[in-house]
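Novice: Questions regarding the structure given below will be posed in turn.
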Amino acid sequence: MATTEFTSVIDKFDGNKGEKSGWYYLLIPSALSKKLSPGSRKSFRVKGLIDNHQINRVALLPDGNGNFIMPLNQQIRKSTGKTAGEKVHLKIEIDESEYIPDADLMNCLDDDADAKKYFFSLSPSHRNYFSKWIESAKTTSTKEKRLVMTMNALSEKMGFPDMLRAQKSRK
């Protein structure tokens with residue numbers, strides 16, 4: 001497996017980038033992305049180090065010009081202590097590990113056959129939206145609330161965006 005090591009500068013999209021407005025990211029030049037995943041034109045996941053911060057299953061997204069970008073969430077920026085305009089050192093390689101869904105969600109699904117059947121009818125990426133949203137809860141009470149919302153949505157055969165829209169309209 002090819003490991004690529006290089007230095008990059010953290011950048012931030014301005015307000016004219018639609019859904020990406022405000023995103024912090026690293027530019028991965030075409031020559032480097034080709035070392036990682038030759039011929040790839042679609043997103044792929046990497047693992048490794050940003051400075052001394054371990055990363056796993058981080059997506060590299062095509063920018064439309066042959067390069068890729070690595071979005072940097074708040075957790076990564078906080079752990080490196082760096083922000084836009086600062087350099088970071090990367091040592092990355094392809095991450096082919098499987099995503100493991102949240103254990104509490106899987107336990108809840110085991111108790112509701114219909115919700116489980118609907119959940120597994122969704123594409124893997126849509127199943128991951130539910131799971132990652134639940135995992136991202138910072139408190140036990142928030143996680144429990146998200147589990148209940150997810151199970152209710154799946155019982156009503158709603159996808160993740162439908163669930164969020166329904167919740168927003170109830171407020």
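Novice: Could you give the size of the charge dipole of the range 3-94 about its Cα centre, using +1 on the Cβ of each K and R and -1 on the Cβ of each D and E, expressed in debye and rounded to the nearest 20?
Specialist: Values: 15 positive and 8 negative charges, 47 e Å.
The calculation lands at about 220 debye.
Novice: Let me ask something else. Can you compute the FRET efficiency between residue 170 and residue 111 using 1/(1 + (r/R0)^6), with r the Cβ-Cβ distance and R0 = 22 Å? Round to the nearest 0.05. Write down the numbers at each step before the final one.
Specialist: Values: r = 25 Å, r/R0 = 1.12.
Working from the Cβ atoms, E equals 0.35.
Novice: For the residue pair residue 91 and residue 44, what label-to-label distance in nm results when each label sits 7 Å from Cα along the Cα-to-beta-carbon direction?
Specialist: That separation, rounded to one decimal, is 2.1 nm.
Novice: Check each of the GluC sites (Glu not before Pro) in the range 66-168 and keep only those in coil by DSSP with at most 15 other C-beta atoms within 10 angstrom; list them in order.
Specialist: On the way: sites: 86, 93, 96, 98, 135, 144, 156; in loops: 86, 96, 98, 156.
Filter output for the range 66-168: 86, 96, 98, 156.
Novice: Over 29 Å between C-alpha atoms is what I'm after, so list which of 12/42; 42/91; 20/168; 35/143; 12/132 land there. Spell out each step's value before the answer.
Specialist: Details: 12/42 21 Å; 42/91 21 Å; 20/168 22 Å; 35/143 39 Å; 12/132 24 Å.
The pairs that break the limit, which is 29 Å between Cα atoms, are 35/143.
Novice: Another one. Cross-link candidates for residue 82: which aspartates and glutamates have Cα within less than 12 Å, leaving aside residues fewer than 8 places away along the same chain?
Specialist: Hits, sequence-local ones excluded: 11, 51.
Novice: Can you list which of the trypsin sites (Lys or Arg not before Pro) found in the range 1-94 are DSSP loop residues with at most 15 other C-beta atoms within 10 Å? Working shown, then result.
Specialist: On the way: sites: 12, 17, 20, 34, 35, 41, 42, 45, 47, 57, 77, 78, 82, 87, 91; in loops: 17, 41, 42, 82.
Sites meeting the loop and neighbour criteria: 17, 41, 42.
Novice: On to the next question. Using the crude model of +1 on Lys and Arg Cβ and -1 on Asp and Glu Cβ, and no other charge, please compute the dipole size for the chain relative to its Cα centre, in debye to 20.
Specialist: Computed charge dipole of the chain: roughly 520 debye.
Novice: Tell me, Kirkwood radius of the chain from alpha-carbon pair distances, in Å?
Specialist: Details: mean 1/r = 0.0555 Å⁻¹.
18.0 Å is the Kirkwood radius here.
Novice: Hey, rough spin-label estimate for residue 20 and residue 103, points 7 angstrom out along Cα→Cβ, what's it come to in nanometres?
Specialist: Here the modelled spin labels are 3.7 nm apart.
Novice: What 222 nm value per residue comes from the helices of the chain, counting each DSSP H run with n ≥ 4 as -39,500 (n - 2.57) and dividing by all residues, nearest 500 deg cm²/dmol? Don't skip to the end; give the middle numbers.
Specialist: Working: 7 runs with 70 residues, N = 171.
Per the formula, -12000 deg cm²/dmol.
Novice: Just to be sure I understand the model, the point goes 7 Å from the Cα along the line to the Cβ. What's the resulting residue 67 to residue 34 distance in nm?
Specialist: With each label placed 7 Å out from Cα toward Cβ, I get 1.6 nm.
Novice: Ok, one more. Return the aspartates and glutamates within reach of residue 157: Cα separation strictly under 14 angstrom, same-chain partners fewer than 8 residues apart disregarded; answer none if there are no such residues.
Specialist: Within the straight-line cut-off, residue 157 pairs with 112, 114.
Novice: Where in the chain are the DSSP H helices whose C-alpha atoms run 30 Å or more along the long axis and whose mean Kyte hydropathy is at least 0.5?
Specialist: Numbers: long enough: none.
The answer is none, since no helix passes both cut-offs.
Where a number appears in this text, it was derived from the coordinates with a stated rule and is not lab data. Since the model is a prediction, treat every value here as computed from it, not as a measurement. Neighbour counts run over all protein chains shown; Cβ positions are idealised from the backbone, glycine included.
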